[in-house]
Amino acid sequence: MIWIDHDKVSEYAATLQDLTLPIPKRVSSLWCLRTVSSLECLDALFRAFEIEQSSELLKHEICYALGQMDKSPEHIEKIQNFLEKVLDEDHPKIVLHEAVEALGNINSENTLKLLKRFENETSEILYETCFLTIKLVEWREKTENGKTEGLNLSKLKFNTTNDPAPPFNFVREPKYKDIQLLESIILDNENYDLFERYRALFTLRELNTEEAVIAMCQCMTKENSKKCSALLKHEVAFILAQMEEVFKVSIPFLIDCVANEEEAPIVRHEVLVSLGDMIDDKSLLEQFVNHPDQIVNESCQVAFSYIDNRKAVQEEERLINAQ
Ligand SMILES: [Fe+2]
Ligand SMILES: [Fe+2]
């Protein structure tokens, strides 16, 4: 657990912007800035993005964080201007992916117009991200943000992140409690579009059982690899880490997935970071800490920092309880 001090914004900014510091330290300051979420924090994040030379991990996390921050009109205006600029520049796809998603989360009137330019996009990750973002903006409009489907997004079990798709309302439509049905929707790339498949995925997260986790992990198997895009798999890896009470059963699937040298870097990155929340044994990931792919080795360092932090907190609790 990181303790956030609202008076330390300039300290967090300095750490995040210090190119000589280890990535996990900088990422941890990034999350502090996201949590404090003031306009000053926005400027610190923008500056860090501009001066960063090589870390796709850091740049994409900054864009992700921007989509999760306060939504006052001042924030929206600043974030939108920044993201528009990012989309006009040449950045790695994983960075542009998070920038598009963040724009969708801001949900300003201009989002759809902005995303039109990606209609003929050839990169699968970007094309799919735009497709999902457009669908989400349209869904929000059509359903009055879920109202007409009887969904109150703020009352969901998992309501701390802005997600690329809502779950189905399984209270109103009990067929969506059927884990097998949800799994079949996610794996069916012929009869369902990606937005519907994402909705099935987020419904499984809402069900929050081990069975639901196993169903989600089917996207990660070699057997289903052709049916599931890198974007879908990275989303699965990301949300598994949120399912704290039940995520342990996903560990073998995730370890297999990250070990596959042919797997897309965006997937391996998200899997590694999620494993950092799930496992205590760093030796399981040792082979990735010096991996030639920068986003893979940096993700491994971040995972190790999560493991170390968790162990330190546990040790502190143990000492307090022993007193
Ligand atoms: Fe993402
Ligand atoms: Fe990520």
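List of remarks:
- Compactness of segment 96-136 is given as radius of gyration and Dmax, 9.0, 25 Å, from Cα positions.
- Averaging the Cα positions of each part gives two centres, and for segment 277-319 and segment 119-161 these lie 32 Å apart.
- Taking the inverse of the mean reciprocal distance over all distinct Cα pairs, the Kirkwood hydrodynamic radius of the chain comes to 20.4 Å.
- Relative to the Cα centre, the charge distribution of the chain, modelled as +1 at Lys and Arg Cβ and -1 at Asp and Glu Cβ, gives a dipole magnitude of about 600 debye.
- Dividing the helix sum by the residues of the chain, where each DSSP H run of 4 or more adds -39500 (n - 2.57), gives a mean residue ellipticity at 222 nm of -19500 deg cm²/dmol.
- Charge tally in the Cβ shell below 11 Å around Ile179, where Lys, Arg are +1 and Asp, Glu are -1, Ile179 excluded: -3
- For the Cα trace of segment 78-232, dividing Rg by the Kirkwood Rh returns an Rg/Rh value of 0.97.
- For the chain, averaging the sequence separation of C-alpha pairs within contact (under 8 Å, six or more residues apart) and dividing by the residue count gives a relative contact order of 12 percent.
- Segment 1-101: trypsin sites (Lys or Arg not before Pro) in DSSP loop, at most 16 other beta carbons within 10 Å: Lys71
- Longest stretch of the chain clear of exposed loop sites (GluC sites (Glu not before Pro), DSSP loop, at most 16 other Cβ atoms within 10 Å, sites excluded): 1-88.
- Above-threshold pairs, the threshold being 18 Å between Cα atoms, out of Lys59/Lys113; Lys71/Lys157; Lys155/Lys248; Lys157/Lys177; Lys93/Lys222: Lys59/Lys113; Lys71/Lys157; Lys155/Lys248; Lys93/Lys222
- With a cut-off of 15 Å between beta carbons, the residues surrounding Gln323 carry a summed charge of -2, where Lys and Arg count +1 and Asp and Glu -1.
- Remark on the chain: Cys32, Cys41, Cys63, Cys130, Cys217, Cys257, Cys300 stand apart, with no other cysteine beta carbon under 4.7 Å.
- Segment 132-214: trypsin sites (Lys or Arg not before Pro) in DSSP loop, at most 11 other beta carbons within 10 Å: Lys157, Arg172
- Short-range pairs are left out: with C-alpha atoms under 8 Å and at least six residues apart, the relative contact order of segment 186-323 is 18 percent.
Every number in this text was worked out from the coordinates using simple rules, so none of it is lab data. Keep in mind that this is a model prediction, so the values were computed, not measured. So basically every Cβ, Gly included, is an ideal-geometry build from the backbone, and we count neighbours across all protein chains shown.
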